[in-house]
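What follows is one structure encoded as C-alpha cells, with my remarks underneath.
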Amino acid sequence: MKIGILSDTHGFIHPQIIQLMNGCDIIIHAGDIIEQRTLKLLQPKQKLVAIQGNNDSHLTQLKTVENLNLASGKIIIEHGHQHGWHTPSHTSLRVTYPDARVIIYGHTHKQVIDKGENPWVINPGAAGKIRNYGSAKCLLLDASDTKEWEINPYLFSYPGY
C-alpha cells in the first residue's frame, strides 16, 4: 500500500508532488489546505484523507483529526498546532495517540521523520510555495502488511530558487 503524505499547501501544490501523489493508493493531507480546489487535484487510487489545519476553519466538511485503520497499523492525522504552536511536541502527540503506528502532523512546514520511539511521528513539510525553505516537500509511506513500513522523503525545487 503506497500512501502519499503532504501538508501546508496553502492553495498551491507543486506539480511534481501532484504527479507523485496521484500514483498512490491513499493520499493524506495534514491541513492548511486553504483552497478547496487544490484537493480536487489529488486523485488517489482508493482514498483521500484530509484534515483541517489552523487556517482551514472554513472547510467545515473536514475534521481536525482523522484515523486511518490499516490491517498493519493505525495512522493518526492532525495538524499539530494543538500540541505546541511553533513546534508541536512529539511527546504530547505520542501520549495522546499511544495506539497509533504513525502520527502525521503538519503546521511547521518542515519535513520531519522521527522514528526514535513508537509511534513514529512524521511531518511531510510544506508541499506548496509558502515557507517551504527552498523546496516543496512530501513523504511516501509504504505500509506493507508483510514487511516493515518505510518512509521516503521527497523534495522538489521551483525554477529560480
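Tabulated values for the structure
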quantity	calculated
Unmet requirement for Thr108, which otherwise passes all of (1) closer than 20 Å to Asn152 by Cα; (2) of a type in the set (Val, Ile, Thr); (3) in contact with a His (Cβ under 9 Å, 6 or more places away or on another chain); (4) outside any loop (DSSP other than H, G, I, E, B)	(4)
Residues (in contact (Cβ under 8 Å) with a residue 12 or more places away in the chain and among the β-branched types (Val, Ile, Thr)) located in region 68-111	Ile75, Ile76, Ile77, Thr87, Thr96, Val102, Ile103, Ile104, Thr108
Residue match in region 133-143 (condition: touching a Ser or Thr at 6+ places or on another chain (Cβ under 7 Å), surrounded by fewer than 17 Cβ atoms within 10 Å (Cβ to Cβ) and outside any strand (DSSP E or B))	yes
Pairs where the first residue, in region 32-46, is part of a helix (DSSP H, G or I) and the second is surrounded by fewer than 19 Cβ atoms within 10 Å (Cβ to Cβ), C-beta under 7 Å, 6+ apart	Gln36/Leu59; Thr38/Gly11; Thr38/Phe12; Leu39/Leu48
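Yes or no, residue by residue, for (1) of a type in the set (Lys, Arg); (2) surrounded by 14 or more Cβ atoms within 10 Å (Cβ to Cβ):
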{"position": "Ile76", "(1), (2)": "no, yes"}
{"position": "His79", "(1), (2)": "no, yes"}
{"position": "His86", "(1), (2)": "no, no"}
{"position": "His90", "(1), (2)": "no, yes"}
{"position": "Asp99", "(1), (2)": "no, no"}
{"position": "Ile104", "(1), (2)": "no, yes"}
{"position": "His107", "(1), (2)": "no, yes"}
{"position": "Lys110", "(1), (2)": "yes, yes"}
{"position": "Glu117", "(1), (2)": "no, no"}
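Here, each number is a calculation from the coordinates, and none is a lab measurement. In this text the structure is predicted, and so the values were computed from the model without any measurement. Heads up, the Cβs are rebuilt from the backbone with ideal geometry, glycines too, and the neighbour counts pull from every protein chain shown.
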